[in-house]
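A short worksheet on the structure shown next.
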Amino acid sequence: MKRDNRNNNLCVLCVLCGLFFNLSFSQNSPMPLSSVRYWAYQIQDLDTGGAIQKIVDSTYDMVVIDPMVSHDYSFDTKDMVNRIKASKASDGVHRKLVIAYIDIGQAEEWRWYWDGHTTYEEKGECKNSYVQAIQTWAPWVVACDPDGWAGNYPVAFWENDWKDIVIHGTALGSHLGLYFDSMLDEVIQDGFDGIYLDWVEAWEMDTVQTRAQNEGKDPGQEMLNFIKEMRTYGKQYNPDFIVIQQNSSQLINEVGANALKNTVDAIAQEGVWWDGNAIDDDWTNPDGYDQASCCTGYYLTRLRAYQAAGFPVFVCDYAVQQADAVYQKAAAEGFIAYATRRPLNRLTTTPPDFVIPGGNDEEPFGSFDTPLDGSTVRSSVAVTGWVLDDVGVESVKIYREGNDPGNDLIYIGDAVLVEGARPDVEQAYPTYPMNHKAGWGYMMLTNFLPNGGNGMFTLHAIAKDVSGHTVTLGTKTITCDNANAVKPFGAIDTPAQGGTASGSNFINWGWVLTPRPNSIPTDGSTINVLVDGVHIGHPTYNIYRPDIAALFPGYANSNGAVGYFYLDTTQYEDGVHTIQWTVTDSAGNTEGIGSRYFVIRNNSRDADRP
């Protein structure tokens, strides 16, 4: 989303979380990004009508503000940041996060780095969409405004001169006359917690791709490298520096989820269900909201891929009459929604009081299915069930009872909400949010329980919704008998339960051991990898891992328990699949290891592109 700062406009994104705790407020502890539940987005007019004070007084958890100084206007950004950081987030415990909006894919002619006030449009040099040989233009400008926002120019973001403006400031500081040398320098000196990146989609533009190809560049990879360079720069000063990508959800297909995990922390997408066409500052303009989005299916496919890879997904829809529907649809996807109008010059409060419309804010409900109550188990055991909530499920945690009566529950681990694992529940509850992720699972290696995983244990599955309600879904009492175990045991490490795999060489890691005196052949020939129940090969085995060797000393394979297998996920359809290892030891004992659901994401670059 663009904005015009020539009229002293600034940009704000606010995010709030709906978790409530009766703890004291700590100004030094920002709201974790992973705890954000609702967000708001104000883009202009922060210097009018007490706009900043409204943000300070609000219970939003994260605020993104445009920090940039124009060539004819200065704003006390540092004071604004400090005021907002001194205010409480929604839980009354943390302070608000303050994130800086910056445009990394377009140059804006009102910014401090622009040379002169005359626009290219005023010179009559924007008759063609692609810049050919206009020598007076900045060398990093690629084209004229592509979408109606005058004074915005897509750039060759891989050029060192543009990177110098955004990141390094080595060539500009001597003549700026400002207290900073680059966009990121200002962000850091003003005390922001991170950056919110507009126009990441520049790499997808035809004109930018033409320029990149002429220079022998891969624009998608160059955008990834550019963002990663910004992240590295920011983390030199703040190890918790946050990077949020706006739009360009296609980037996950271009560079892969694993590459993005080391580059961005979240994605925000505009206009998923409803959009607006207005590009002026008129809040009442009916063209600025409730216009059907062109690309809902396209966005959902790619945003689900981000979500499956563990990224928070924010959506900003331009809707007024349709605002309730936005929140309901987003909640069903597990996205974090905000409804506003295209000018983005006011702080809205939808949904009212930050409650998802359509829900009665009831407790979560569901089932604790396995292991069976009273059963005897050894090695790995699948702890599974399902859960739903009328607003949204936040977590399912697995606990065990202590050894002594009255002891508090002892945390074991977090179950994963697995997409597509319980189609029966999805069909039975078609209107509930995130019903496609109703199934939950946790693979518990009982060998790690007290007494070497021997004795009786009572497990509790406790669900929590986004409103803070907690419910025990059930308890299971099991007997663990690893002392008499004769079969192999172990775990699959990747893909994680409910995790994502992509590419032709995804590494499937795991480890296996077998009780003494038996052993497992070190060539891995008796370890089978099965996907969707079909045997596809044997892993490379006999790799040392110090934690396994220390936990299980004296086994025949203690010093070589780890194995890996290269999985070509491109041979499978995108969606939910199963993976498992089966292991046979020297005595002929066979056991399944690590059975789980996982998601394959390999959307082609151009599929369904709008």
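The values are calculated or read from the model by the stated rules, or taken from the named source; none is laboratory data. Only a predicted model underlies this, so the values are computations on that prediction, with no experimental measurement involved. When we count neighbours, we look across all protein chains shown, and the Cβ atoms used for this are built from the backbone with ideal geometry, even at glycine.
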(request) Inspect all residues belonging to the stretch 358-378 and state whether any of them is modelled with pLDDT of 90 or more and among the aromatic types (Phe, Trp, Tyr). (result) yes
(message) I need the full set of residues from the stretch 547-568 which are within 31 Å of the chain's Cα centre (by Cα), without any contact (Cβ under 8 Å) to a residue 60 or more places away in the chain and not in a strand (DSSP E or B), in order please.
(response) 547, 548
(request) Kindly provide the set of residues from the stretch 509-540 that are under 32 Å from the mean Cα position of the chain (by Cα) and not β-branched (Val, Ile, Thr), ordered by number. (result) 509, 510, 511, 530, 532, 533, 539
(message) Yes or no: the stretch 548-556 includes at least one residue that is surrounded by 13 or more Cβ atoms within 10 Å (Cβ to Cβ), closer than 28 Å to residue 498 by Cβ and in contact with a Pro (Cβ under 7 Å, 6 or more places away or on another chain).
(response) no
(message) Residue under question is residue 86, and the condition is that it be surrounded by fewer than 17 Cβ atoms within 10 Å (Cβ to Cβ) and among the aliphatic types (A, V, I, L, M); does it hold?
(response) yes
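Rundown of residues vs (1) modelled with pLDDT of 85 or more; (2) more than 18 Å from residue 473 (Cα to Cα); (3) under 23 Å from the mean Cα position of the chain (by Cα), yes/no style:
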site	(1), (2), (3)
349	no, yes, no
354	no, yes, yes
391	no, no, yes
406	no, yes, no
422	yes, no, no
429	yes, no, no
438	yes, no, yes
444	yes, no, no
(message) So in the stretch 75-95, with the set limited to residues that are part of a helix (DSSP H, G or I) and more than 25 Å from the chain's Cα centre (by Cα), which one is modelled with the lowest pLDDT?
(response) 77
(message) If residue 298 satisfies all but one of (1) of a type outside the set (D, E, K, R); (2) in contact (Cβ under 8 Å) with a residue 60 or more places away in the chain; (3) surrounded by 20 or more Cβ atoms within 10 Å (Cβ to Cβ); (4) out of contact with any Cys (no Cβ under 8 Å at 6 or more places or on another chain), what's the number of the condition it fails?
(response) (3)
(request) Check whether at least one residue in the stretch 302-309 is farther than 22 Å from residue 196 by Cα, among the polar types (S, T, N, Q) and either surrounded by fewer than 24 Cβ atoms within 10 Å (Cβ to Cβ) or in contact (Cβ under 8 Å) with a residue 12 or more places away in the chain (or both), and report yes or no. (result) no
(message) Just to be sure before I move on: is residue 521 free of Cβ contacts under 8 Å to residues at least 12 places away in the same chain and over 29 Å from residue 307 (Cβ atoms) in the structure I sent?
(response) no
(message) Of the conditions (1) surrounded by 15 or more Cβ atoms within 10 Å (Cβ to Cβ); (2) touching a strand residue (DSSP E or B) at 6+ places or on another chain (Cβ under 6 Å); (3) under 26 Å from residue 253 (Cα atoms), residue 502 satisfies every one except a single condition; which number is it?
(response) (2)
(request) Please list, ordered by first then second residue, the pairs with beta carbon atoms under 6 Å, 6 or more apart or interchain, first in the stretch 162-186 and within 22 Å of residue 105 (Cβ to Cβ) and of a type in the set (Asp, Glu), second at pLDDT below 85 and not in a loop (DSSP other than H, G, I, E, B). (result) 181/173
(message) Can you go through 56, 63 and tell me which one is of a type outside the set (Gly, Ala, Ser), at pLDDT 50 or above, assigned by TED's automatic domain parsing to the domain that holds residue 242 and part of a helix (DSSP H, G or I)?
(response) 56
(request) Run residue 483 past the list (1) exposed (fewer than 14 other Cβ atoms within 10 Å of the Cβ); (2) at pLDDT 95 or above and report the number of the one that doesn't hold. (result) (2)
(message) Suppose we keep only residues that are closer than 25 Å to residue 160 by Cβ, part of a helix (DSSP H, G or I) and of a type in the set (S, T, N, Q) within the stretch 230-254. Which one would you say is nearest to the chain's Cα centre (by Cα)?
(response) 232
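Conditions tested, residue by residue: (1) closer than 29 Å to residue 34 by Cα; (2) assigned by TED's automatic domain parsing to the domain that holds residue 500; (3) in a loop (DSSP other than H, G, I, E, B).
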{"residue": "372", "(1), (2), (3)": "no, no, yes"}
{"residue": "383", "(1), (2), (3)": "yes, no, no"}
{"residue": "398", "(1), (2), (3)": "yes, no, no"}
{"residue": "403", "(1), (2), (3)": "no, no, yes"}
{"residue": "408", "(1), (2), (3)": "yes, no, yes"}
{"residue": "413", "(1), (2), (3)": "yes, no, no"}
{"residue": "420", "(1), (2), (3)": "yes, no, yes"}
